[in-house]
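K.L.:
The structure is given below, and queries will be raised subsequently.
Read-outs throughout are calculated quantities, based only on the coordinates presented, and are distinct from any laboratory measurement. Keep in mind it's a predicted model, so treat the numbers as computed, not measured. Cβ coordinates were reconstructed from backbone atoms using ideal geometry, including for glycine residues, and neighbour counts include every protein chain displayed.
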Amino acid sequence: MTSFVLFLSFLLTFLGMAAATVCSNLTTCQNCVTQSDCFFYVTENKCQSKSLFQENDYNLTAYVAREYECPRPGPTYSDDFSRNVAFVYAAASLGDKQQIQTCLKNRIPGAVLYKQYTVDCDLLGSTCSAYIALNGANQTITVVFRGSVGKKQIFAEFIELTVLKLKEKSDFFGGNVYHYFYTAYQLLWDAGLGKDLQELARKNPSYKLQVFGHSLGGSLASLTAFAAVKYSYFTSDKVLLYTFGQPRTGDIDYAAEHDRFVPNSFRIVHGLDFIAQVPFREDYNSTAAYHHRTPVFYGDDMGKGASFEVSPLPDPQYGYKYGDLLSHLHITYFNVDYHAFYLNGCVA
């Protein structure tokens with residue numbers, strides 16, 4: 001028996017060494033992940049044997065075992081644009097027409113409100129809202145989506161996303177999209193937003209499209225940017241997406257399709273913003289809820305000059321240990337209260 005145990009131990013060690021040798025000889029992430037015994041260690045940019053994987057050492061963020069997650073050249077993120085343009089547009093969405101225009105006048109030279117859209121979007125009578133703005137000065141059409149408003153809407157979303165986990169299988173979006181987001185997107189699109197966007201694109205062929213949103217609005221912005229390209233209103237190179245505290249909008253199939261149609265996308269995350277981790281992704285192998293690229297992680301302090309990390313991975317945060325129930329991380333971006341900013345004309 002002792003000899004058999006020693007032989008088995010030797011055999012396992014030999015096989016582990018052989019696998020490690022095979023993995024170490026693979027120089028690209030794409031080649032690495034085709035081998036079932038290998039994973040790509042992003043931090044050190046090398047292929048390693050799965051037998052060497054230590055969860056705590058890799059902190060659940062550097063492990064890649066599927067091709068979609070392999071690091072790739074991405075767009076250039078602008079902190080200045082994010083805090084002084086995209087976030088201003090997003091915060092203004094909480095206001096009425098006059099308040100939106102005041103924010104734009106105060107902060108975005110040349111921007112003019114075109115139309116606001118508001119619809120009932122759940123069984124509790126909550127509303128979802130968006131607006132379109134035009135800017136002849138920099139030739140942009142901007143679509144902005146409001147985040148969740150009120151406890152009943154937050155409750156309705158939480159139940160659908162984390163308890164019922166309702167999804168829509170969508171051939172158009174290439175995967176599963178969470179029902180609440182899909183329904184709200186469709187209602188706003190059918191309320192005139194889609195038709196107006198198509199007409200504005202036709203009348204202004206040189207204009208680019210910007211799409212922004214916070215929280216729920218981030219998911220709706222994600223779907224709308226995708227749709228604008230899929231419907232051929234705009235080409236991918238003319239679409240820019242910035243979202244703040246965006247929940248996971250669909251599954252990994254949706255994420256991959258989204259990246260193909262809207263490569264110029266950024267998901268800004270404030271520290272351990274809890275909402276950005278909903279619906280939960282329990283572990284690496286869980287892909288039913290999955291973020292698209294490109295995540296930009298800030299620490300708790302998002303003041304001017306704050307450091308940030310643009311991750312080479314689409315969805316590096318998973319596991320419940322990332323959850324943080326401190327709501328101020330979700331409603332405070334760039335050290336500004338998202339829910340109050342518009343009341344001051346978007347002037348800090």
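K.L.:
What is the percent of Cα-Cα separations in region 116-162 that go past 13 Å?
P.N.:
Numbers: 667 of 1081 pairs.
Percentage above 13 Å: 62.
K.L.:
What's the ranking of 74-82, 335-343 by average number of surrounding C-beta atoms within 10 Å, highest first?
P.N.:
Values: 74-82: 14.3, 335-343: 17.2.
Sorting 74-82, 335-343 by mean packing, highest first, produces 335-343, 74-82.
K.L.:
OK, next. With N denoting the number of residues in region 208-273, provide Rg(C-alpha) divided by 2.2 N^0.38 Å, to two decimal places. List each step's numbers first, then the result.
P.N.:
Numbers: Rg = 11.2 Å, N = 66, 2.2 N^0.38 = 10.8 Å.
Scaled against compact globular proteins, the figure is 1.03.
K.L.:
Apply the Karplus curve 6.51 cos²θ - 1.76 cosθ + 1.60, θ = phi - 60°, to the phi angles in region 290-304 and return the couplings in whole Hz, x for Gly and Pro.
P.N.:
Per-residue couplings from phi come out as 8, 7, 8, 6, 10, x, 10, 9, 9, x, 5, 9, 10, x, 4 Hz.
K.L.:
Looking only at Cα atoms, what is the convex hull volume of region 192-317 per residue, in Å³?
P.N.:
Numbers: hull volume 14.2 nm³, N = 126.
Dividing the Cα hull volume of region 192-317 by its residue count gives 113 Å³.
K.L.:
Counting other C-beta atoms within 10 Å, and keeping those with at most 14, which DSSP coil chymotrypsin sites (Phe, Trp or Tyr not before Pro) do you find in region 156-193?
P.N.:
Details: sites: PHE158, PHE172, PHE173, TYR178, TYR180, PHE181, TYR182, TYR185, TRP189; in loops: PHE172, PHE173.
The qualifying sites are PHE172.
K.L.:
Okay, moving on. How much of the DSSP beta bridge set in the chain is antiparallel, as a percent to the nearest 5?
P.N.:
Working: 32 of 52 bridges.
That works out to approximately 60 percent antiparallel.
K.L.:
Sorted from fewest to most neighbouring beta carbons within 10 Å, what does the list THR140, THR127, THR43 look like?
P.N.:
On the way: THR140 20, THR127 15, THR43 12.
Taking fewest neighbouring Cβ atoms as first place, the list is THR43, THR127, THR140.
K.L.:
Of THR142, THR243, THR28, which is the most mobile in a GNM of the chain whose springs link Cα atoms less than 10 angstrom apart?
P.N.:
THR28
K.L.:
Related question: Below 8 Å between Cα atoms, with a sequence gap of 6+, how large is the relative contact order for region 46-133 in percent?
P.N.:
Details: 58 pairs, mean separation 14.3, N = 88.
For region 46-133, the relative contact order is 16 percent.
K.L.:
Scan (i) 5, 25, 32, 21, 9, 5, 2, 1, 0; (ii) 5, 20, 28, 24, 15, 6, 2, 0, 0, 0; (iii) 5, 25, 35, 26, 7, 1, 0 for the value of P(r) over Cα pairs in 10 Å bins from 0, in percent calculated from this model and give just the label.
P.N.:
Recomputing P(r) over Cα pairs in 10 Å bins from 0, in percent here gives the entry labelled (i).
K.L.:
Here is a follow-up. Can you give the angle from 0 to 90° between the axis of helix 252-261 and the longest principal axis of the chain, with both taken from C-alpha atoms, to the nearest 10?
P.N.:
Between the helix axis and the principal axis of the chain, the angle is about 60 degrees.
K.L.:
Please check: in the Gaussian network model of the chain (C-alpha springs, under 10 Å), which one of TYR63, TYR231, TYR41 has the largest mean-square fluctuation.
P.N.:
Ranking TYR63, TYR231, TYR41 by mean-square fluctuation puts TYR231 first.
K.L.:
Sticking with this one: If I model a spin label as a point 7 Å beyond the Cα along the Cα-Cβ vector, how far apart are those points for ASN285 and ASP337 in nm?
P.N.:
Calculated label separation equals 4.6 nm.
K.L.:
Output the relative contact order of the chain, whole-number percent, from Cα pairs under 8 angstrom with separation of 6+ residues.
P.N.:
Values: 676 pairs, mean separation 49.3, N = 348.
Reported as a whole number, the value is 14 percent.
K.L.:
So, one more: If all Cα-Cα distances of region 99-251 are sorted into 10 Å bins from 0 onward, what percent lands in each bin, rounded to whole numbers?
P.N.:
Computed distribution, short to long bins: 11, 42, 34, 12, 1.
K.L.:
Moving on. What FRET efficiency do you get for ASP300 and LYS203 if R0 is 51 Å and r is their Cβ-Cβ distance, rounded to the nearest 0.05? Let's see the in-between values first.
P.N.:
Details: r = 44 Å, r/R0 = 0.87.
My answer for the efficiency is 0.70.
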